[in-house]
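**Student:** First the structure, which I've put down as structure tokens, then a few questions once you've had a look.
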Amino acid sequence: MFDYDALLQANVMQVFNERNHSLREDAMARLWTDAPSMIEAEEVLIGRHAISRHVAALHERLPAGTRFTPLAPAIGHHDTAILRWAAAIPGQNPHVFGTDLALIRDGRIDQLYVFLDRR
């Protein structure tokens, strides 16, 4: 059985929390397909480099020290998985909650739909 949780947890920790461009790109090469897409309510990003640049811009917009933290293990079946997460400065209340819905191909993320809940 495929470990959906391991893949989506690694994506949060090694991609979305990674501020070093080279390390983030290396992680994306392992965790994402060669031509992935990330779909948000107002933007669609195509390709690992575009997604990585978007993550870097996200780090610039969020308060310094913000970390993404999974709220529970990811669940999935049939090459589709979801992970609920929060973004916060450690020790403070989260300022953003979200859910990632990943479509997985050959054990890697092919499409990632990001749903934000700003509460």
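The values are calculated or read from the model by the stated rules, or taken from the named source; none is laboratory data. Being a predicted model, the structure only gives us computed values, none of them experimental. Backbone-built Cβ (ideal geometry, glycine too); neighbour counts: all protein chains shown. SASA here: full protein model, heavy atoms, side chains in, ligands and nucleic acids out. Shrake-Rupley method; radii C 1.70, N 1.55, O 1.52, S 1.80 Å.
**Student:** Where residues in region 86-119 are under 27 Å from ALA64 (Cα atoms) and among the charged types (D, E, K, R), which of them is farthest from the chain's Cα centre (by Cα)?
**Tutor:** Residue satisfying both the conditions and the ranking: ARG119.
**Student:** Another question about this same structure. Looking at region 33-75 only, could you name the residues that are small (Gly, Ala, Ser), part of a strand (DSSP E or B) and open to solvent by less than 30 Å² (accessible area, probe 1.4 Å)?
**Tutor:** SER37
**Student:** Still on this structure: How many residues does region 76-95 hold that are touching a strand residue (DSSP E or B) at 6+ places or on another chain (Cβ under 7 Å), open to solvent by 20 Å² or more (accessible area, probe 1.4 Å) and either within 17 Å of ARG61 (Cα to Cα) or outside any strand (DSSP E or B) (or both)?
**Tutor:** 4
**Student:** Can you pull out every residue in region 25-76 that is modelled with pLDDT of 95 or more, over 14 Å from ILE109 (Cβ atoms) and basic (Lys, Arg)?
**Tutor:** Passing the criteria: ARG53, ARG67.
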